[in-house]
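First the structure, in the form of structure tokens, and then the observations on it.
The values are calculated or read from the model by the stated rules, or taken from the named source; none is laboratory data. Quantities reported herein were computed from a predicted structural model and do not represent experimental measurements. Positions of Cβ are backbone-derived with ideal geometry, glycine not excepted, and every protein chain shown enters the neighbour counts. The accessibility values were calculated without ligands, DNA or RNA, using every heavy atom of the protein model including side chains. Shrake-Rupley method; radii C 1.70, N 1.55, O 1.52, S 1.80 Å.
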Amino acid sequence: QVQLVESGGGLVQAGGSLRLSCAASGGLFSNYVMGWFRQAPGKEREFVAAISWSGARTNYADAVKGRFTISRDNAKNTVYLQMNSLKPEDTAVYYCAADFALRKEPEKYEYWGQGTQVTVSS
């Protein structure tokens, strides 16, 4: 079983950048597809980005395409989400998740972190 811990959230002005990290332990990190999701108050959890075990394949939500970049370092058991050109509507709790297939449905991811808050002020 893999444990996930996110970090890097915070308060940033619109147009700014943040990099989120998600450190994994307790499992063979390179076996897992890693995903980032977010949940704003009163809204359902939504897909942001995912990356294959090797890093060769990525997938993004339309809302973040061209602004966010997902990457991973299997030697460090860490997945990253570089977020540029942030908008107030990006405000949410961001979660990383692990599973075995590259997909967008949060209910299909088996392992989750506790989340990190990202707040973008206008």
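Some observations on this one:
- The residue list 30, 54, 85, 71 contains one member that is free of Cβ contacts under 8 Å to residues at least 40 places away in the same chain and outside any strand (DSSP E or B), which is 54.
- Any pair with Cβ under 7 angstrom, 6 or more apart, that starts in segment 4-19 at a residue that is touching a residue at least 60 places away in the same chain (Cβ under 8 Å) and ends at one that is basic (Lys, Arg) and in a loop (DSSP other than H, G, I, E, B): 14/87
Quick grid of which residues meet (1) out of contact with any strand residue (DSSP E or B) (no Cβ under 8 Å at 6 or more places or on another chain); (2) open to solvent by 60 Å² or more (accessible area, probe 1.4 Å); (3) of a type in the set (A, V, I, L, M, F, W, C):
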| position | (1), (2), (3) |
| --- | --- |
| 4 | no, no, yes |
| 10 | no, no, no |
| 19 | no, yes, no |
| 42 | yes, yes, no |
| 45 | no, yes, no |
| 51 | no, no, yes |
| 80 | no, no, no |
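- Figure legend. Inter-residue proximity from segment 106-122: first residues more than 21 Å from residue 84 (Cβ to Cβ), second residues outside any strand (DSSP E or B) and of a type in the set (Val, Ile, Thr), beta-carbon distance below 7 Å, spacing 6+ or different chains. Indicated pairs: 111/2.
- Considering (1) closer than 17 Å to residue 4 by Cα; (2) open to solvent by less than 40 Å² (accessible area, probe 1.4 Å); (3) touching a helix residue (DSSP H, G or I) at 6+ places or on another chain (Cβ under 9 Å), the lone condition that residue 33 does not fulfil carries the number (3).
- Criterion violated by residue 63 - all others in (1) open to solvent by less than 40 Å² (accessible area, probe 1.4 Å); (2) farther than 20 Å from residue 7 by Cβ; (3) touching an Asp or Glu at 6+ places or on another chain (Cβ under 9 Å) satisfied: (1)
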